[in-house]
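The values are calculated or read from the model by the stated rules, or taken from the named source; none is laboratory data. Computed from a predicted model, the values in this text were never measured in an experiment. Cβ sites come from the backbone with ideal geometry, for glycine too, and all protein chains shown count toward neighbours.
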């Protein structure tokens, strides 16, 4: 007896690219993932090909067709907005500290003369 296999009707790259916004269910089939996992990943900003926005108790999802195909074929780096913001803030603070140190040194030199 042969084991049962489900025909998941996996969409092709061309079918994905023909869409403006890939439905989560379609993207999950394309990636071989469950819809629940993909919903959670979008909400947690753990995937680089889409995003989720919560309006009261309702979520809206946007999945970029091109980014989804690139993710499946090539992989894409993932940078969460929160992480990028923290890196930028750290660099800005470091630059401000350096400039303030230079201003202090310049003030000291000017007061000595």
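Scanning segment 80-103 for residues that are surrounded by 10 or more Cβ atoms within 10 Å (Cβ to Cβ) and at pLDDT below 85, we see that the one that is nearest to residue 41 (Cα to Cα) is 80. All conditions in (1) closer than 21 Å to residue 16 by Cα; (2) surrounded by fewer than 10 Cβ atoms within 10 Å (Cβ to Cβ) hold for residue 76, with the sole exception of (2). Considering segment 33-61 alone, what residues qualify as being surrounded by fewer than 17 Cβ atoms within 10 Å (Cβ to Cβ), free of Cβ contacts under 8 Å to residues at least 24 places away in the same chain and not in a helix (DSSP H, G or I)? Answer for segment 33-61, where residues must be surrounded by fewer than 17 Cβ atoms within 10 Å (Cβ to Cβ), free of Cβ contacts under 8 Å to residues at least 24 places away in the same chain and not in a helix (DSSP H, G or I): 33, 34, 44, 51, 53, 54, 55, 56, 57, 58, 59, 60.
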